[in-house]
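The values are calculated or read from the model by the stated rules, or taken from the named source; none is laboratory data. Everything numeric in this text was worked out from a predicted model, so none of it was measured. In this analysis, Cβ positions are derived from the backbone assuming ideal geometry, glycine residues included, and neighbour counts consider all displayed protein chains. Heavy atoms of the whole protein, side chains included, go into the accessibility calculation; ligands, DNA and RNA do not. Shrake-Rupley method; radii C 1.70, N 1.55, O 1.52, S 1.80 Å.
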Amino acid sequence: MIYWKSLMATFEQPTLLGAWLPVFLGLSLISIESTAMMSGAATSRWLLYFCHAWWGQTDSATFDAIHLLLRKLGHFSGYGFLALLFRRAWYVTLRPRWEGSRSRLPFSASALAVISTFMVACMDEVHQSFVPGRSGSFLDVMIDTAGAVVFVRLVAKVIERRRATSAYAYA
């Protein structure tokens with residue numbers, strides 16, 4: 001039983017490698033998605049197949065709207081999840097050395113996560129401007145950053161609500 005408790009304590013306190021490895025995996029996924037293989041022209045082929053399978057024949061304007069919406073939704077959610085990975089990594093990194101008020105630690109980790117996500121989005125769009133069949137777009141950077149802000153804020157609200165509920169249960 002003591003072994004089990006010590007083993008669980010190991011998983012409760014993530015290491016820096018354990019905190020940053022998911023970030024690097026997320027960055028790797030984004031770098032793969034930034035290639036010509038995932039360009040709008042390439043993804044439209046297989047998406048058209050799925051649209052025809054689900055809804056039957058679709059006209060070009062409807063398909064183009066669906067394709068654009070799905071691509072932008074992918075930006076929003078993909079970078080939102082990346083921001084959550086960054087937030088966790090920054091939180092784990094800052095926690096042992098934090099000297100300020102403990103209540104500011106989550107905010108600081110969240111701010112660093114959004115800034116990190118914004119910088120990755122900027123670098124990604126600059127990279128895409130050099131890839132044949134791709135183009136860099138500041139609108140995509142804004143969508144990516146909006147996804148980061150929304151996801152980080154939603155998780156902060158969930159954590160806040162859980163803490164309030166658990167504090168109320170023990171009072």
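Of note:
- Filtered residues of segment 8-32 (kept if surrounded by 14 or more Cβ atoms within 10 Å (Cβ to Cβ) and at pLDDT below 75): Pro14
- Taking residues in segment 125-153 that are closer than 16 Å to Ile32 by Cα, and partners anywhere that are open to solvent by 80 Å² or more (accessible area, probe 1.4 Å) and in a helix (DSSP H, G or I), the pairs with Cβ atoms closer than 8 Å and at least 6 places apart or on different chains are Glu125/Phe138; Gly136/Val126; Gly136/His127.
- Some residue of segment 86-101 being at pLDDT below 90, assigned to a helix (DSSP H, G or I), more than 21 Å from Leu21 (Cβ to Cβ) and open to solvent by 70 Å² or more (accessible area, probe 1.4 Å): no
- Residue that is at pLDDT below 95 and surrounded by 11 or more Cβ atoms within 10 Å (Cβ to Cβ), where the choices are Thr117, Thr35: Thr35
- Of everything in segment 121-152 that is open to solvent by less than 20 Å² (accessible area, probe 1.4 Å) and not acidic (Asp, Glu), the residue that is modelled with the lowest pLDDT is Gln128.
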